[in-house]
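Reviewing the structure listed below.
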Amino acid sequence: MKLFTIHQSEQLIKNGSTGYGQDHIPVVKLFLPGTNCTWLLTELNPEYTSHAFGLCDLGTGFPELGSVDLEELQSIRVAGIFQVEKDLFFKAKYPISVYARAASHHEAIIEDETILAKFVRK
């Protein structure tokens, strides 16, 4: 499965071109079925498009902002069947900093907009 649509790839590269690690709205959500692993990605490195940046949650209670190697993600298999997929219905509303603050507080990536709204800085 392709991890991104053409539009998502273009937006991720555009975001990466403005400076790595900016406070962009997540473009895509990836997850690993059968686990609590989730990635909210905001950008791709324009020179090395297999390197992404975003909020990474490996299901250990310590989600963090950082880089991820997409080739490595695509090589993961759970029970020899499941692999990383994109959430076709994910639509981010807030910058990655809001998701990161909520995830830090709740020890997991949160998508509930009522909860996320509490972490918007005024």
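Quick note: the coordinates plus some simple rules give every number you see, no bench work behind them. What you are looking at is a predicted structure, and each value in this text was computed from that prediction instead of being measured. Cβ atoms come from the backbone with ideal geometry, glycine included; neighbour counts cover every protein chain shown.
Rank these for me by crowding, Arg121, Arg77, Arg101, going from fewest to most other beta carbons within 10 Å. Could the numbers behind the result be given before it?
Working: Arg121 7, Arg77 11, Arg101 17.
In order of increasing Cβ crowding within 10 Å: Arg121, Arg77, Arg101.
By count of other Cβ within 10 Å, fewest leading, how are His7, His106, His51 ordered? Display every interim value, and only then the final one.
Working: His7 9, His106 14, His51 17.
Fewest to most other Cβ atoms nearby, the residues stand as His7, His106, His51.
Just to be sure I understand, if you calculate log10 I(q)/I(0) by the Debye sum over Cα atoms at q = 0.10, 0.17, 0.23 Å⁻¹ for this structure, which of (i) -0.28, -0.82, -1.44; (ii) -0.38, -0.95, -1.28; (iii) -0.27, -0.85, -1.68 do you get?
(i)
Build a GNM of the chain with springs between Cα atoms under 10 Å: which of Asn45, Asn15, Asn36 gets the top mean-square fluctuation?
Result: Asn36 has the largest fluctuation of those listed.
Going by how many other beta carbons lie within 10 Å of each one, how would you line up Val120, Val28, fewest first? Can you show the working numbers first?
Details: Val120 13, Val28 22.
Fewest-to-most Cβ neighbours within 10 Å comes out as Val120, Val28.
Within the chain, how many Lys pairs that are eight or more residues apart, or on different chains, come under 15 Å at the alpha-carbon?
Step by step, the pairs that qualify in the chain add up to 6.
Just to confirm the filter: which GluC sites (Glu not before Pro) across the stretch 22-122 are DSSP coil and have at most 11 other Cβ within 10 angstrom of their Cβ?
Working: sites: Glu43, Glu47, Glu64, Glu71, Glu72, Glu85, Glu107, Glu111, Glu113; in loops: Glu47, Glu107, Glu111.
Answer by residue number: Glu47.
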